[in-house]
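So the structure is just underneath, and the comments pick up after that.
The values are calculated or read from the model by the stated rules, or taken from the named source; none is laboratory data. Note that the coordinates shown come from a computational prediction; the quantities given were computed from them, not determined experimentally. All Cβ positions, glycine included, derive from the backbone under ideal geometry; neighbour counts span all protein chains shown. What goes into the accessible areas is simple: the full protein's heavy atoms, side chains included, and nothing from ligands, DNA or RNA. Shrake-Rupley method; radii C 1.70, N 1.55, O 1.52, S 1.80 Å.
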Amino acid sequence: MRKDTFESKYELGKLLGQGCSASVHICRRKEDSAGIPYAVKIFRVDDVEKRAILLKEPEVLKKLGKHPNIVCYIEHFDNESKGEIHMVMEYVDGKELFDHLTE
């Protein structure tokens, strides 16, 4: 059985932001002719404990389901060989939360 990878399902787009442990890009599903944009957060994972902690986030987001004040989780990919976790989320255009809070 072939396991889907982020690269097999999505095209990576422009960088939206970057921090010390992750970057966020626009992405699109390869099979989607409409080209609906999603956001993908790419975590750099350097140890087993960090991986376990990061893999809990998608489980929590799945349990929350759809909520008008929470960005919708789509799916995630754990690429241990590259030391990355890709978390695909709904793309929300606009300002970052920090910018709203500082206004």
Interchain or long-range residues, amide H under 5 Å from TYR10's placed H: LYS30
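Dipole magnitude of the chain about its Cα centre, charges +1 at Lys/Arg Cβ and -1 at Asp/Glu Cβ only, in debye to the nearest 20? Mind showing how you got there, number by number?
Numbers: 17 positive and 19 negative charges, 52 e Å.
Result for the chain is approximately 260 debye, rounded to the nearest 20.
Can you tell me the accessible area per residue over the chain, all protein chains present, probe 1.4 angstrom, in square angstrom?
Values: 7440 Å² over 103 residues.
With the other protein chains kept in place, the chain gives 72 Å² per residue.
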J(HN,Hα) series, region 5-13, from Karplus relation 6.51 cos²θ - 1.76 cosθ + 1.60, nearest Hz, glycine and proline x: 10, 4, 4, 7, 10, 10, 9, 7, x
Nonlocal Lys pairs with alpha-carbon distance under 22 Å, region 26-100 (8 or more apart, or different chains): 15
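Ignoring any ligand, DNA or RNA, what whole percent of the accessible area of the chain comes from carbon and sulfur when the probe is 1.4 angstrom?
Numbers: 4000 of 7440 Å².
Of all accessible area on the chain, carbon and sulfur atoms account for 54 percent.
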Charge-dipole axis of the chain as Lys and Arg at +1 and Asp and Glu at -1 on Cβ define it, positive-most pick from TYR38, VAL60, SER8: SER8
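Looking at region 42-103 from every direction and averaging, what is the projected area of its Cα convex hull in nm²?
Numbers: hull surface 21.0 nm².
If I average the Cα hull's projected area over directions, I get 5.2 nm².
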Kirkwood Rh in Å, taken over all unlike Cα pairs in region 1-102: 14.6
